[in-house]
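Working notes, beginning with the structure itself.
Computed from the coordinates by the stated procedures, all read-outs in this text should not be read as laboratory data. Note that the structure is a prediction, hence the values are computed from the model and not measured. For neighbour counting, all protein chains shown are included, and Cβ atoms are generated from backbone atoms with ideal geometry for every residue, glycine included.
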Amino acid sequence: MFYVYILESDKDNRHYIGQTSDLENRVKKHNAGRVTSTRSWRPWTLKYWKAYETRGEAFKTEQLLKKFKNRERVIRFAQENNFRGIAQSGPDKSAFAKRNLIFEDPRKTSIRLTAECVFRD
């Protein structure tokens, strides 16, 4: 499986769009500062993602999203095209909280992902 994902910077609400075959590791790399283009805007919160069968499909969607210059258009596209998202509120108001995210892919299998999510007060 390949994933297209949208991150949001907790520093200034900037968005970053990318694609990967290992979503959990990629988000960790962004937050660890190991991705040059996102290092200055850490920490990042995973906002939306979508699974694809092939890297080609994921790449096409990533390129389409990157063409949208308007952040609202990117979010609307994600919502209208069945991207999954993370709730940004809940009972745990700590700075960091581990959440289990379940991805459903077209083959009807589930992938469990533990990610560190940042919650804002």
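For the stretch 9-18, in order, what is each residue's ³J(HN,Hα) by Karplus, 6.51 cos²θ - 1.76 cosθ + 1.60 with θ = phi - 60°, in whole Hz (x at glycine and Pro)?
Rounded to whole hertz, the list is 6, 6, 6, 9, 6, 5, 10, 10, 10, x.
Only sites in a loop by DSSP and with at most 12 other Cβ atoms within 10 Å count here; which trypsin sites (Lys or Arg not before Pro) in the stretch 1-67 make the cut?
Qualifying residues, ordered by number: Lys11, Arg34.
Go through the stretch 70-80 residue by residue and turn each phi into a ³J(HN,Hα) via Karplus (6.51, -1.76, 1.60, θ = phi - 60°); whole Hz please, and just put x for glycine and proline.
9, 4, 4, 5, 4, 5, 4, 4, 4, 5, 7
Restrict the search to the stretch 19-62; then list the GluC sites (Glu not before Pro) that DSSP places in a loop and that have at most 13 other Cβ atoms within 10 Å of their Cβ.
Filter output for the stretch 19-62: Glu53.
Need one number: nm distance between label points at Ala32 and Asn70, each 7 Å from Cα along Cα→Cβ, rounded to one decimal.
Inter-label distance under the simple model: 3.8 nm.
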